[in-house]
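Down below is the structure, laid out as structure tokens.
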Amino acid sequence: MRVTFTVNGSEETVDNVWEGESLLYVLRERMGLPGSKNACEQGECGSCTVYLDGVTACSCLVAAGQAEGREVRTVEGLAGGPDGSDGLAGDQRLGPVQEAFVEAGAVQCGFCTPGLIVQAHALLERVPDPADAEIREALAGNLCRCTGYEKILDAVRLAARRKAAAE
């Protein structure tokens with residue numbers, strides 16, 4: 001089947017999609033967007049989290065055909081725009097949440113990082129100054145095996161402070 005959808009602001013068409021293929025597989029293997037990670041394939045770890053029509057979703061649980069006509073935003077789509085804001089223009093600079101993760105040392109092996117960044121980004125869009133309990137709840141569906149999560153919490157706090165200072 002042919003699937004046409006918008007990915008990181010650009011309309012894309014993928015041909016010969018098998019009806020059982022996941023959105024994650026199409027993004028990674030057919031479109032060359034390796035940011036979302038393939039870990040559990042059961043929606044339990046959050047490593048494959050993307051935005052689907054503005055709402056976060058585990059792309060391993062979404063059939064590629066379900067993306068037809070919809071908008072997908074991956075961690076690559078959170079890269080910084082020319083003004084330092086989130087941008088979709090293909091700019092390769094890190095976005096504000098991505099920078100905060102690097103600076104806070106929240107990136108260890110990196111496998112969980114893309115999903116955590118997408119989920120943290122979504123949280124900060126909803127709640128500009130989240131309390132620790134709100135951060136923990138927002139990231140509860142994302143598993144990290146390398147850390148005790150404190151540096152991840154630090155990264156979200158740092159991104160929130162920077163976002164508030166910029167506004």
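With the contact rule set at Cα under 8 Å and sequence spacing of 6 or more, what percent relative contact order holds for the chain?
For the chain, the relative contact order is 21 percent.
How far apart, in nanometres, would the label points at ARG126 and THR6 be if each is projected 7 angstrom from Cα along the Cα-to-Cβ direction?
2.2 nm
By how many nm would the segment from ARG30 to GLN108 grow when fully extended, if each residue of separation counts as 0.36 nm and the alpha-carbon distance is taken off?
Full extension from ARG30 to GLN108 adds 25.4 nm.
Length gain on complete extension for the stretch ALA133 to GLU150, per 0.36 nm per residue less the alpha carbon to alpha carbon distance?
Extending this stretch completely gives an extra 4.9 nm.
Sort SER22, SER47 by accessible area with a 1.4 Å probe, largest first.
SER22, SER47
Got a number for carbon plus sulfur as a percent of the chain's accessible area, 1.4 Å probe?
Carbon-and-sulfur percentage of accessible area, whole number: 49.
Starting from the Kirkwood Rh over alpha-carbon pairs, what translational D in µm² s⁻¹ does region 3-77 have by Stokes-Einstein at 20 °C and 1.002 mPa s?
The Stokes-Einstein estimate is 181 µm²/s.
Find, among the chymotrypsin sites (Phe, Trp or Tyr not before Pro) in region 3-86, those assigned to loop by DSSP (not H, G, I, E, B) with at most 16 other beta-carbon atoms within 10 angstrom.
Sites meeting the loop and neighbour criteria: TRP18.
For labels at THR13 and GLU68 in the simple 7 Å Cα→Cβ model, what's the distance in nm?
Going from the THR13 label point to the GLU68 one covers 1.4 nm.
Enter the accessible area per residue of the chain (Å², integer; probe 1.4 Å; all protein chains in place).
51 Å²
Put +1 on the Cβ of every Lys and Arg and -1 on every Asp and Glu Cβ in the chain; which of ALA138, GLY110, SER36 then has its Cα farthest towards the positive end of the dipole?
After comparing all options, I get GLY110.
Tell me the angle of helix 113-126 to the major Cα principal axis of the chain, expressed in degrees between 0 and 90 and rounded to the nearest ten.
70 degrees
With charges only on Cβ, +1 for K and R and -1 for D and E, what is the dipole size of the chain about its Cα centre, in debye, rounded to 20?
With Lys and Arg at +1 and Asp and Glu at -1, about 360 debye.
The values are calculated or read from the model by the stated rules, or taken from the named source; none is laboratory data. Not measured: the values here are computed from a predicted model. No Cβ is skipped: glycine too gets one built from the backbone with ideal geometry, and neighbour counts run over all protein chains shown. For accessibility, only protein heavy atoms count, side chains too; no ligands or nucleic acids. Shrake-Rupley method; radii C 1.70, N 1.55, O 1.52, S 1.80 Å.
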